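Novice: Encoded as structure tokens, here's the structure I'll be asking about.
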Amino acid sequence: MRKITKEIAVRNLKIGAQNPIAIQSMTNIAVTDVEATLAQITLCGEAGCDIMRIAVPNIAAARAFKQVRAQTDMPLVADIHFDYRLAIAATENGADKIRVNPGNMSLSQLDSVIDCAKMHRIPIRIGVNGGSINKDVLARTGSRAQAMYESLTEYVRYFESRNFDDIVLSVKSTDVTETVRTNRLVAQLGYPVHLGVTEAGLVKQGIVKNSIGIGALLLDGIGDTVRVSLTADPVEEVIAAKDILVSLGLKDGVTFVSCPKCGRCSIDLENVAKEIYDYVKNLDKNVKIAVMGCEVNGPGECADADLGLAGANGKFVFFKRGKRYRTVNADEAIEQFKKEIDALTNDN
Ligand code: SF4
């Protein structure tokens with residue numbers, strides 16, 4: 001059962017409470033290249049991204065942020081590392097949310113950031129990471145997860161004492177177990193939680209780490225926004241996040257299955273599967289599509305697929321919910337199967 005958190009608005013997107021879990025990614029180029037940044041935001045949006053984060057490391061970036069803001073409807077979060085003045089500049093330049101680590105600012109600087117966000121009615125994401133844990137807290141608790149949670153709790157109480165509760169919480173760790181342990185504690189605070197295993201690596205390794213970390217927490221009902229952090233094109237992050245949510249039944253989308261292939265397979269299964277997957281990966285329909293290596297076991301192994309195809313010695317068998325209904329020559333099978341997918345998803 002999902003843990004219900006406070007509802008927060010990021011531009012026109014509501015997160016927390018019962019709202020759908022939002023997918024987040026981050027541009028990986030300098031925002032001063034406004035056109036390229038907009039192009040990346042558009043591609044991520046087309047892939048299913050709900051919120052984009054943009055690094056604002058200097059005043060030129062804060063100015064460019066304003067130009068980007070003016071040219072897209074995507075909710076945009078300004079990511080600030082140290083300089084509170086950039087948080088204020090980004091807020092004044094139209095950020096829909098800012099992300100700060102309060103541990104990098106003095107209290108008076110943090111007060112200025114909070115006052116500015118309050119005036120512009122935008123939320124703040126409070127981010128705490130393993131690298132900035134208070135050493136005394138760590139020594140006392142002996143646990144990095146507990147230390148990060150206590151640091152974050154202290155910041156939350158500070159924000160509340162300033163009458164500001166328009167907040168989203170995140171704890172960053174590169175360690176999967178630590179991410180899960182800490183977020184289980186953070187979820188008790190009642191504010192929306194942003195999930196992700198940070199600096200998770202290249203695509204394969206990063207998806208594994210994030211799927212375990214984010215997946216375990218989502219299964220506990222924890223998490224209101226997710227980012228699969230990868231050393232890759234941000235579109236890959238969005239696709240991976242969407243796959244996690246669809247796999248757990250938390251988002252509409254295509255469940256794609258393909259068999260591992262064995263000695264019974266007589267087709268180029270990998271390429272057929274890739275082509276069909278590329279065709280369906282951006283559909284937001286709740287359907288299950290199967291690509292199987294042989295007609296002997298394929299339909300039976302995938303009896304709950306809405307639509308499937310299986311290799312059959314120079315031909316392909318199409319099946320619906322485990323029942324064969326068409327046999328098509330190999331040279332036209334993929335095109336015909338795409339038409340069947342169109343027919344299924346258009347009536348769905
Ligand atoms: S569907 Fe056929 S080819 Fe694929 S793993 Fe099963 S038996 Fe092997």
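The values are calculated or read from the model by the stated rules, or taken from the named source; none is laboratory data. Note that the structure is a prediction, hence the values are computed from the model and not measured. Please note: Cβ atoms are built from the backbone with ideal geometry, for glycine as well, and neighbour counts cover all protein chains shown.
Novice: State yes or no: is K274 assigned by TED's automatic domain parsing to the domain that holds G45, modelled with pLDDT of 90 or more and either within 28 Å of A200 (Cβ to Cβ) or buried (at least 19 other Cβ atoms within 10 Å of the Cβ) (or both)? Walk me through how you get there before you give the answer.
Specialist: Values: assigned by TED's automatic domain parsing to the domain that holds G45: no; modelled with pLDDT of 90 or more: yes; either within 28 Å of A200 (Cβ to Cβ) or buried (at least 19 other Cβ atoms within 10 Å of the Cβ) (or both): yes.
No; evaluated as a whole, the condition is false for this residue.
Novice: In the list G131, G201, G190, G142, which residue meets the criterion of being within 20 Å of the chain's Cα centre (by Cα) and either surrounded by fewer than 21 Cβ atoms within 10 Å (Cβ to Cβ) or free of Cβ contacts under 8 Å to residues at least 60 places away in the same chain (or both)?
Specialist: None of the other options fit; the residue is G201.
Novice: A further question follows. Which condition number in (1) assigned by TED's automatic domain parsing to the domain that holds V226; (2) of a type outside the set (D, E); (3) not in a helix (DSSP H, G or I) is the one that A61 fails?
Specialist: Going through the list (1) assigned by TED's automatic domain parsing to the domain that holds V226; (2) of a type outside the set (D, E); (3) not in a helix (DSSP H, G or I), A61 breaks only (3).
Novice: Same structure, new question: Which condition number in (1) among the basic types (K, R); (2) under 13 Å from the mean Cα position of the chain (by Cα); (3) within 16 Å of the ligand (Cβ to nearest atom) is the one that K251 fails?
Specialist: With (1) among the basic types (K, R); (2) under 13 Å from the mean Cα position of the chain (by Cα); (3) within 16 Å of the ligand (Cβ to nearest atom) applied to K251, the lone miss is (3).
Novice: Please state which of the following conditions P260 fails to meet, knowing it meets all the rest: (1) within 11 Å of the chain's Cα centre (by Cα); (2) within 16 Å of the ligand (Cβ to nearest atom).
Specialist: So P260 meets the others, but not (1).
Novice: Which pairs do you get when a residue that is closer than 12 Å to D284 by Cα, found in the range 241-264, comes within reach of a residue that is within 16 Å of the ligand (Cβ to nearest atom) and not in a helix (DSSP H, G or I), reach meaning Cβ atoms under 7 angstrom, with the pair 6+ apart or on two chains?
Specialist: As it stands, the answer is V254/I289; T255/K288, since those pairs meet every condition given.
Novice: Turning to a different aspect of this structure: Residues of the range 76-94 being in contact with a strand residue (DSSP E or B) (Cβ under 7 Å, 6 or more places away or on another chain), closer than 25 Å to S173 by Cα and not acidic (D, E), which ones?
Specialist: If the condition is that a residue be in contact with a strand residue (DSSP E or B) (Cβ under 7 Å, 6 or more places away or on another chain), closer than 25 Å to S173 by Cα and not acidic (D, E), then L76, V77, A78, I80, A87 are the ones that fit.
Novice: Those residues that are within 26 Å of the chain's Cα centre (by Cα) and either modelled with pLDDT under 95 or basic (K, R) (or both), I need them from the range 107-124; list them, please.
Specialist: Scanning the range 107-124 gives a single hit, R121.
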